[in-house]
Amino acid sequence: MIDNEAVLVLADSGQVMVLNETGGRIWELADGTRTVTDIARMIVEEYEVSEEQALADVQEFVYQLVEKQALIVFPKEGQ
């Protein structure tokens, strides 16, 4: 991260995404071992935000990353 921003370069399209501090943190936490809910809980612990707001923000950000094919979401086992 540089100046609290992260930069993602999407390999297929070459598109560049500049992420703010929170977006960069969500990206770091989306390592395949955590659910969206897990990530939202961690955001609540690290930033002054309600659980409801954190979950909504994480869901929206993940949706944007999936739409840009920067992230793949797998269903939790057993679902």
Task: the chain pair-distance distribution - Cα-Cα, 5 Å bins, rounded % - done: 3, 15, 25, 26, 19, 9, 4, 0, 0
Open item on the list: Just to be sure I understand the rule: take each whole DSSP H helix in the chain, project its Cα atoms onto its long axis, keep it if the span is 18 Å or more and its mean Kyte-Doolittle hydropathy is at least -1.0. Which ones pass?
Closed with: 51-67
Task: Charge dipole of the stretch 22-71 about the Cα centre (unit charges at C-beta), most positive-ward option of Tyr47, Leu71, Leu29 - done: Leu71
- [ ] Kindly provide the chymotrypsin sites (Phe, Trp or Tyr not before Pro) of the chain that DSSP labels as loop, not H, G, I, E or B, and whose Cβ sees at most 15 other Cβ atoms within 10 Å.
- [x] Tyr47
Task: Within the chain, GluC sites (Glu not before Pro) in DSSP loop having at most 14 other beta-carbon neighbours inside 10 Å - done: Glu48, Glu77
- [ ] Pull out the extension gain between Arg34 and Gln59, defined as 0.36 nm times the separation in residues minus the alpha carbon to alpha carbon distance; nm, one decimal.
- [x] 7.7 nm
Task: trypsin sites (Lys or Arg not before Pro) restricted to DSSP loop in the stretch 9-47 with at most 16 other C-beta within 10 Å - done: Arg34
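Every read-out reported here was derived from the displayed coordinates using simple, explicitly stated rules and does not represent laboratory data. What you are looking at is a predicted structure, and each value in this text was computed from that prediction instead of being measured. Cβ atoms come from the backbone with ideal geometry, glycine included; neighbour counts cover every protein chain shown.
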